[in-house]
Structures are given as structure tokens and as C-alpha cells.
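First up is the structure itself, then whatever we jot down about it.
The values are calculated or read from the model by the stated rules, or taken from the named source; none is laboratory data. What you see is a predicted model; the values in this text were computed from it and never measured. Cβ coordinates were reconstructed from backbone atoms using ideal geometry, including for glycine residues, and neighbour counts include every protein chain displayed.
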Amino acid sequence: MSRQRTFNIVVTEALNDRSMDYLRQHGRVQMIPIDQLDAAVVDADALVVRTYTQVTGEVVAKAKRLKVVGRAGVAVDNIDLEACRQRGIVVVHTPAANTEAVVDYTIAHIILMNRRFLTLTGPVTPERFHQVRKASFGRFLSGLTLGIVGMGRIGSRVGRAAVALGMKVLTNDIRPVELDYPHQMVDKPALYAHSDVVTLHVPLTHLTNHLIDRDALAQFKMGSQFINAARGPCMDAAAVAEAMRSGRLSAATIDCHEPEPPPEDYPLWNAPNVILTPHSAARVPQAVENMCNVVYDVVAVLEGRAPQYPAKGEDEL
């Protein structure tokens with residue numbers, strides 16, 4: 001058996017068949033339940049995870065020969081990057097995998113929140129037909145202001161699409177960004193105060209944990225709308241629910257929750273005019289396929305080659 005096939009590769013969450021076959025060509029693959037990670041990681045050369053596996057410092061400390069952690073997805077907030085760095089473990093991910101899927105989701109929900117289309121579910125009387133027609137309402141997106149917090153791959157493309165729809169775009173990021181369409185970079189208070197719709201596209205870091213809290217929402221334009229397709233902990237769900245009930249927010253779309261799945265007492269279950277989706281913005285088949293491509297970087301690291309997409313720490317963002 002060749003040296004390549006001696007690698008012990010642990011996978012905790014399902015990948016597609018193509019990616020699993022690729023891993024099997026380069027080592028012995030163990031598909032394990034998440035709750036068995038502590039034992040399995042001890043002799044692992046590589047660990048491949050998705051959203052719900054927590055690669056904590058305690059997990060990393062148990063690994064005797066771990067060389068690489070692959071995250072089949074964009075965010076790496078479920079991996080202790082500093083603990084990996086201290087042990088010389090490379091973390092790789094797929095930062096561009098779901099960009100277009102989340103952009104589509106965001107634009108779709110901007111439209112949905114502003115154009116309330118009531119549907120016909122079967123034959124109706126003429127009276128009911130015209131009743132439903134007259135009850136449908138909305139407003140033009142053209143002329144509205146979209147505030148985008150986080151101008152990375154997703155946020156920058158959301159802005160381009162919004163401009164094409166006639167929206168004015170306000171942007172905010174921790175670093176200067178260059179965009180090829182009209183926009184105005186402002187601080188967060190100005191963005192909140194002047195945006196008809198605020199959409200969040202930031203990674204989860206110590207800077208963005210509960211970024212949208214009561215204080216932030218108090219600065220939002222009265223009757224504005226909010227979208228979170230970033231990470232659940234980036235917002236305070238109770239504060240968002242309060243803002244919905246007070247009218248500070250007139251509508252919201254929330255795809256990411258804390259925790260997941262949301263518990264029975266989740267504050268947003270009974271909030272008015274809120275669309276809740278089950279962390280599904282990226283769930284387009286091609287995007288899921290793209291996430292599984294992390295296996296190529298995992299094998300590259302195992303074989304001593306430079307990965308294409310090493311994860312960045314907070315100090316590198």
C-alpha cells in the first residue's frame with residue numbers, strides 16, 4: 001500500500017459520494033457521529049466537518065497527529081483557529097462555495113418583504129379573486145435604500161444586484177472596499193438610520209457577536225426591514241422580536257438562529273411579519289457540491305502541498 005493510503009481521515013457530517021470517493025483514494029476514511037469525535041480525533045491525520053461539529057480547543061488537544069481540518073462550507077466559527085494554529089494544524093474551507101446561493105436568497109427576500117403576493121390555491125369565485133387581488137400590495141424597490149453590513153463576496157454581490165434594481169446602496173465594513181457600482185460607505189449608525197432594508201453578511205467574530213442588539217436596533221429607521229443570512233449569534237433574537245412588535249422593524253427574514261434548531265421559547269416564533277427559514281439560504285445543490293470540494297485542499301495538505309483556501313483568523317479578516 002502506498003504512503004498516501006495510510007492517512008486516517010475522519011468525517012463527521014455527510015459529504016457527497018464524489019468527495020467521499022476522493023478521500024478514500026488517499027486514505028482510510030471513518031464516517032462517525034459527532035458525539036464520537038473526541039475518541040476518533042486521537043489518531044486522525046485529517047478531520048472534515050460541516051456546520052454543527054464543534055472543533056474546540058479541547059478536541060484539538062486530544063489529536064496526536066492531526067495535520068488538517070477541512071470545513072465543508074464558508075464560516076469557520078465552529079473551529080478554534082488559534083488552537084489549531086498553535087498545534088500547526090492547517091484549517092481549510094470553501095469561502096466561495098455558496099456566494100451566489102445566498103445572494104439569490106437575499107434579493108428574493110428583499111422582493112418578498114416589499115411585494116406581498118397572495119396566492120390562489122384553487123378555484124375561486126369572481127368575488128374572492130378580486131378580493132385577493134386587491135389585498136395584494138407592495139412598494140417599488142427602486143428608490144429604496146439598502147444597507148449592507150459586511151462587504152465580502154456575498155455583500156458586494158448583493159449590492160450590485162440591488163443597484164440594478166434601482167436601489168440606493170449604503171455599505172459598511174471593517175476595511176475599505178472598492179466596488180464597481182454606485183454606493184456610499186458609512187458608519188453603522190448612519191447605515192441603520194437611513195436604510196429601508198438592512199442585510200447582514202458578516203462572519204461570526206468577537207466583533208460581530210450580537211452585533212444587532214437593542215442598542216443597534218434603536219438606531220434603525222422606523223418601519224425598516226432586516227435580513228440575517230449570516231450567523232445566528234450575530235443578532236439578539238429577543239431584541240429583534242421586540243423591534244418587530246414595536247414597529248421599529250416592519251418585516252424581517254431570519255435564516256440563521258441561535259441555537260439551531262431554535263427552541264420552543266425562541267422569541268421570533270410569535271413575532272409579527274417575520275419569515276423564518278431553517279439555515280437554508282445556501283441549500284442549492286450546486287452550492288452544496290461546491291462545499292464538498294474542501295476535500296481537495298484536505299488532501300493537498302496531507303500530501304505536503306499548499307492549499308488553495310486556508311482559513312483566515314480574525315486578525316487577518
- Item | Residue match in the range 302-317 (condition: within 24 Å of residue 109 (Cα to Cα), buried (at least 19 other Cβ atoms within 10 Å of the Cβ) and touching a helix residue (DSSP H, G or I) at 6+ places or on another chain (Cβ under 8 Å)) | no
- How many residues does the range 28-50 contain that are of a type outside the set (A, V, I, L, M) and surrounded by 19 or more Cβ atoms within 10 Å (Cβ to Cβ)? 2
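Might you check whether a residue that is within 30 Å of residue 152 (Cα to Cα) and either assigned to a strand (DSSP E or B) or among the charged types (D, E, K, R) (or both) occurs anywhere in the range 4-15? Steps first, answer last, please.
Keep residues of the range 4-15 that are within 30 Å of residue 152 (Cα to Cα), which gives 11-15.
Applying the additional criterion that residues be either assigned to a strand (DSSP E or B) or among the charged types (D, E, K, R) (or both) yields 11, 13.
Within the range 4-15 (the criterion being within 30 Å of residue 152 (Cα to Cα) and either assigned to a strand (DSSP E or B) or among the charged types (D, E, K, R) (or both)), the answer is yes, since at least one residue qualifies.
Could you say whether any residue in the range 26-49 is assigned to a loop (DSSP other than H, G, I, E, B), of a type outside the set (Val, Ile, Thr), within 23 Å of residue 286 (Cα to Cα) and touching a residue at least 60 places away in the same chain (Cβ under 8 Å)?
The first filter runs over the range 26-49 and keeps only residues assigned to a loop (DSSP other than H, G, I, E, B), leaving 26, 32-33, 44-45.
Next cut, of a type outside the set (Val, Ile, Thr) only: 26, 33, 44-45.
Now drop any that are not within 23 Å of residue 286 (Cα to Cα), which leaves none.
Taking every residue of the range 26-49 in turn, none turns out to be assigned to a loop (DSSP other than H, G, I, E, B), of a type outside the set (Val, Ile, Thr), within 23 Å of residue 286 (Cα to Cα) and touching a residue at least 60 places away in the same chain (Cβ under 8 Å).
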- Query: Just one of the numbered conditions (1) assigned to a helix (DSSP H, G or I); (2) crowded, with 21+ Cβ neighbours inside 10 Å; (3) not polar (S, T, N, Q); (4) not assigned by TED's automatic domain parsing to the domain that holds residue 164 is not true of residue 69; which one?
  - Reply: (1)
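Yes/no per residue for (1) surrounded by 19 or more Cβ atoms within 10 Å (Cβ to Cβ); (2) at pLDDT 95 or above; (3) of a type in the set (Asp, Glu); (4) not in a helix (DSSP H, G or I):
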residue: 244; (1), (2), (3), (4): yes, yes, no, no
residue: 258; (1), (2), (3), (4): no, yes, yes, yes
residue: 267; (1), (2), (3), (4): no, yes, no, yes
residue: 278; (1), (2), (3), (4): no, yes, no, yes
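Residues checked against (1) more than 23 Å from residue 211 (Cα to Cα); (2) in contact with a strand residue (DSSP E or B) (Cβ under 6 Å, 6 or more places away or on another chain):
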residue	(1), (2)
116	yes, yes
120	yes, no
124	yes, no
137	yes, yes
140	yes, no
143	yes, no
148	no, yes
151	no, yes
176	no, no
- Residues of the range 282-295 that turn out to be assigned to a helix (DSSP H, G or I) and either of a type in the set (A, V, I, L, M) or crowded, with 19+ Cβ neighbours inside 10 Å (or both), as a count: 7
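For the range 182-206, give me the residue count where each residue is outside any helix (DSSP H, G or I) and either among the basic types (Lys, Arg) or without any contact (Cβ under 8 Å) to a residue 60 or more places away in the chain (or both).
Number of matching residues: 11.
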- Message: Among the residues in the range 221-233, are any under 22 Å from the mean Cα position of the chain (by Cα), modelled with pLDDT of 95 or more, in the same structural domain as residue 148 (by TED's automatic domain parsing) and part of a helix (DSSP H, G or I)?
- Response: yes
- Note on the structure: Per the filter on the range 126-155, residues surrounded by 17 or more Cβ atoms within 10 Å (Cβ to Cβ), touching a helix residue (DSSP H, G or I) at 6+ places or on another chain (Cβ under 8 Å) and small (Gly, Ala, Ser) are 147
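For the range 86-119, what are the residues that are among the aliphatic types (A, V, I, L, M) and out of contact with any helix residue (DSSP H, G or I) (no Cβ under 8 Å at 6 or more places or on another chain)?
108, 111, 112, 113
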- Any residue at all in the range 87-96 that is of a type outside the set (A, V, I, L, M, F, W, C), farther than 24 Å from residue 258 by Cα and buried (at least 21 other Cβ atoms within 10 Å of the Cβ)? no
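Condition first: assigned to a helix (DSSP H, G or I) and not charged (D, E, K, R). Now tell me which residues in the range 207-217 satisfy that.
216, 217
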- Query: What residue, of 157, 87, is modelled with pLDDT of 95 or more, among the basic types (Lys, Arg) and in the same structural domain as residue 305 (by TED's automatic domain parsing)?
  - Reply: 87
